[in-house]
Amino acid sequence: MSEQLLPGYIIRRGSALDRALLLKFMQRTYQDLFPNENFSHLEQTVKQYFSSDTPLWWVDFLGEGVKGDEGASTLSPSSHSRTSPIACLWVGNAIDQVQGNRHAHIFILYVVPEHRRRGIGTALMRYVENWAIQRGDRQIGLQVFQSNKPALNLYNQLGYQTQSLWMVKFLSAEK
């Protein structure tokens with residue numbers, strides 16, 4: 001089942017059959033930030049974490065100027081032609097290490113460059129927030145690279161706050 005996310009865009013739930021496409025979107029996400037790296041290892045992340053407990057949503061573009069049925073939020077699969085998704089949202093579960101409560105954790109939110117700055121990221125964040133509230137979560141967590149200024153701006157505008165810093169030290173085997 002699909003529903004309108006924004007005029008001209010629908011959101012639909014992914015399935016276990018989408019493993020390869022999810023991997024492709026994950027690789028595109030990281031390649032946008034680190035274009036000279038090889039991200040074939042992300043296949044292991046998908047293999048380890050993608051399950052029925054970690055929902056995946058896709059956003060499809062209906063076409064320029066398509067507004068959809070303003071009176072209904074649900075669209076039948078036959079009401080649009082299936083194209084490659086232009087965005088995805090993959091969510092897992094985490095445990096708040098201070099309070100001990102389960103909460104949603106965003107693994108990936110990715111919008112292809114041609115569809116950015118159209119409100120899709122904001123709409124996806126609101127969608128997942130509503131989903132998390134409905135299932136009883138009291139917070140959502142995510143990780144974002146400090147160098148990803150557009151994502152940082154989006155999350156800050158939506159009220160997300162830094163709770164902790166993930167620090168790394170690169171080690172050398174040479175002494």
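The values are calculated or read from the model by the stated rules, or taken from the named source; none is laboratory data. It should be emphasised that the depicted structure is a prediction, and the values quoted were computed from it without experimental measurement. Cβ sites come from the backbone with ideal geometry, for glycine too, and all protein chains shown count toward neighbours. For accessibility, only protein heavy atoms count, side chains too; no ligands or nucleic acids. Shrake-Rupley method; radii C 1.70, N 1.55, O 1.52, S 1.80 Å.
Between Y49 and S164, what is the spin-label point distance in nm, taking each point 7 Å from the Cα along the Cα→C-beta axis?
Spacing of the two 7 Å Cα→Cβ label points: 1.4 nm.
Once the convex hull of the alpha carbons of the chain is built, what does its volume come to per residue, in cubic angstrom?
Hull volume over Cα atoms, normalised by residue count, gives 155 Å³.
To the nearest 10 degrees, how steeply does helix 120-134 sit against the main Cα axis of the chain, on a 0 to 90 scale?
Tilt relative to the chain: about 80 degrees.
Top to bottom by accessible area (1.4 Å), largest first, where do R126, R135, R102 land?
Values: R126 135, R135 70, R102 105 Å².
My answer, sorted largest first, is R126, R102, R135.
What is the sum of charges, Lys and Arg at +1 and Asp and Glu at -1, for the other residues whose Cβ falls under 10 Å from the Cβ of P113?
On the way: positive: R28, R116, R117; negative: D32, E114.
With Lys, Arg at +1 and Asp, Glu at -1, the net is +1.
Measure out, as a whole number of angstrom, how far apart the alpha-carbon centroids of the stretch 108-175 and the stretch 16-35 sit.
When both Cα centres are located, 16 Å separates them.
Using a Gaussian network model on the chain with a 10 Å cutoff between Cα atoms, which of L42, L17, L109 fluctuates the most?
Greatest mean-square fluctuation among the candidates belongs to L17.
Roughly what would the spin-label model give for F39 and I133, points 7 Å off Cα along C-beta, in nm?
Distance between the two pseudo-spin positions: 3.1 nm.
When all alpha-carbon pairs of the stretch 87-175 are counted, what percent fall beyond 20 Å?
The proportion of pairs with Cα distances above 20 Å equals 42 percent.
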